[in-house]
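Before any comments, here is the structure.
The values are calculated or read from the model by the stated rules, or taken from the named source; none is laboratory data. None of the values given here were measured: they were computed from a predicted structure. Quick reminder, even Gly has a Cβ in these numbers, built from the backbone with ideal geometry, and neighbours come from all protein chains shown.
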Amino acid sequence: MADVITHDDVLKALRGVFDPELGADIVELGMVQDVDITPTGGVTLGIALTIAECPMRSQIEDDTVRKVSALSGVTNVHIDIRAMTQEQRSGVMERARRTARDNAEPTRVDPKTRVIAVGSGKGGVGKSSVSVNLAVAISDLGYRVGLLDADIWGFSIPRMLGTTERLEANDEKVIIPVDVHGIAVVSTGLIVESEETALMWRGLMLSKALEQFLHQVAWGELDYLIIDLPPGTGDIQMALSRLLPQAEMVVVTTPQKAAQKVAIRVADMARRSYMPVVGVIENMAGFACGHGETYDLFGSGGGRELAEAIGVPLIGQIPLDAGVVDGGDSGKPIARSVPDGAAGAALRATAQRVIDLVPPVEDETCTARIARLVDALEIKSA
Ligand SMILES: Nc1ncnc2c1ncn2[C@@H]1O[C@H](COP(=O)(O)OP(=O)(O)OP(=O)(O)O)[C@@H](O)[C@H]1O
Ligand SMILES: [Mg+2]
């Protein structure tokens, strides 16, 4: 007689199926919604993915079939794939974040530092300009700020901040960030151009370079670490979420609808890699010509649509302004050099919005601290 398979057997087998991006098994993540077993050994599983187009879908399906088919007595396996609701997705993300936090190797980034990664789906939308200006504006509000240029080969932060200083290591071989107007800056562009170091960096994988920046830089006590991401949804983004699970992301987009599609991909990536999206910044929004008229050179509405589509606030609209380009080329970020101009003021308001949404740890109210303590205790006792 064939073995009788139980729910427990099937769940045990499914514990061996991992969602590689979320770093936990599909049972733990709550992705297994139904298990149905017929007397003849047919197994039907209801599996909910974070999004229907999950790139891991076929791997999860294949692994599931393989693991469950291997149980003695199973004659066939049928999988009913569905997409999670928004609420279920948030729950899964929260669980994945906790798992990641518990498993992450400690970096030299103070756990009390708020990490804001500035991302986008395509190049040239103004991530680096926004990163530099947010760093400067947040620093001008009195916070301790670090700026990490995670665009390892396409670095632009040194030029935008007008620094030609070089990173140096202390006696313990820990890299000391360059201090530019009170901001702790690290970029591959600030590495000494000796043959030896150039070779060392060329040999490193991108994600390894990022790892070095997080493990071997004495970041010190910062309130905020702003990370300028390279364009796209590649290695660096995934590595960042693995190395710094406390990282949160702001997505920069242009008002154009096409750019918005790409940005949705980034937001999806952020969710899959448990990086919460704080909000959307629309850059290169209307051009104020100085005669009282505003022209939407790059279209309009893309930022708001994206924000609505992914359910986060639109936290800033930065107008198209030649001063942003000049500031970037001359190393004098506009948020500080022309703070009351249209773009400067918008960037400063956006920085304030970021702080309101992600308050520095010290500034959290007692209630927030108590809530977090209770949360931590609940996780421990769970
Ligand atoms: N609001 C703005 N008004 C005018 N020009 C801008 C604005 N924002 C950015 N720029 C200009 O657009 C160009 C691209 O900006 P930036 O380098 O910041 O984009 P990026 O997204 O970091 O690009 P990459 O994907 O290559 O890293 C730069 O020349 C910059 O000066
Ligand atoms: Mg850039």
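Matching residues to (1) more than 26 Å from V266 (Cα to Cα); (2) surrounded by fewer than 13 Cβ atoms within 10 Å (Cβ to Cβ):
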| residue | (1), (2) |
| --- | --- |
| D34 | yes, yes |
| I37 | yes, no |
| L49 | no, no |
| I60 | no, no |
| K67 | yes, no |
| N76 | yes, no |
| D80 | yes, yes |
| Q86 | no, yes |
| R89 | no, no |
**Message:** Go through (1) farther than 26 Å from V338 by Cα; (2) under 19 Å from the mean Cα position of the chain (by Cα) for V77 and report which single condition fails.
**Reply:** (2)
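Return the residue satisfying two criteria in turn: it lies in segment 224-238 and is in contact with a Gly (Cβ under 8 Å, 6 or more places away or on another chain) and not in a loop (DSSP other than H, G, I, E, B), and of such residues it is farthest from ligand 2 (Cβ to nearest atom).
Taking the candidates together, the pick is Y224.
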**Asked** How about segment 194-219: which of its residues are under 30 Å from K332 (Cβ atoms), part of a loop (DSSP other than H, G, I, E, B) and at pLDDT below 90?
**Response** S194
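Given the options R108, R114, name the one that is buried (at least 19 other Cβ atoms within 10 Å of the Cβ), of a type in the set (K, R) and touching a residue at least 60 places away in the same chain (Cβ under 8 Å).
Exactly one residue qualifies, and that residue is R114.
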**Fill in**
Counting only strands (runs of 3 or more DSSP E) wholly inside segment 53-165, the ones holding at least 1 residues that are within 16 Å of ligand 1 (Cβ to nearest atom) are 114-119, 145-149
**Item:** Answer from G279, G316, G331 - the residue that is modelled with pLDDT of 90 or more, crowded, with 21+ Cβ neighbours inside 10 Å and either within 16 Å of ligand 2 (Cβ to nearest atom) or closer than 22 Å to M93 by Cβ (or both)
**Value:** G279
**Output for segment 166-193, where each listed residue is away from ligand 1 (no atom under 16 Å from the Cβ) and part of a strand (DSSP E or B)** = E168, A169, I175, I176, V178, D179, V180, I183, A184, V186
**Request:** List every residue pair whose Cβ atoms sit under 6 Å apart, with the two residues 6 or more apart in sequence or on different chains, where the first one lies in segment 217-246 and is under 22 Å from A137 (Cα atoms) and the second, anywhere, is among the polar types (S, T, N, Q).
**Result:** L222/T113; L225/T113; I226/S131; D228/S128; D228/S131
**Asked** Is one or more of the residues making up segment 163-183 within 16 Å of ligand 2 (Cβ to nearest atom) and either buried (at least 22 other Cβ atoms within 10 Å of the Cβ) or at pLDDT below 90 (or both)?
**Response** no
**Item:** Residues of segment 320-355 that turn out to be within 12 Å of ligand 1 (Cβ to nearest atom), part of a helix (DSSP H, G or I) and out of contact with any strand residue (DSSP E or B) (no Cβ under 8 Å at 6 or more places or on another chain), as a count
**Value:** 11
**Prompt:** Within segment 243-276, how many residues turn out to be buried (at least 23 other Cβ atoms within 10 Å of the Cβ), at pLDDT below 85 and outside any helix (DSSP H, G or I)?
**Reply:** 3
**Request:** State whether one or more residues within segment 23-31 are within 25 Å of D102 (Cβ to Cβ), surrounded by fewer than 19 Cβ atoms within 10 Å (Cβ to Cβ) and free of Cβ contacts under 8 Å to residues at least 12 places away in the same chain.
**Result:** yes
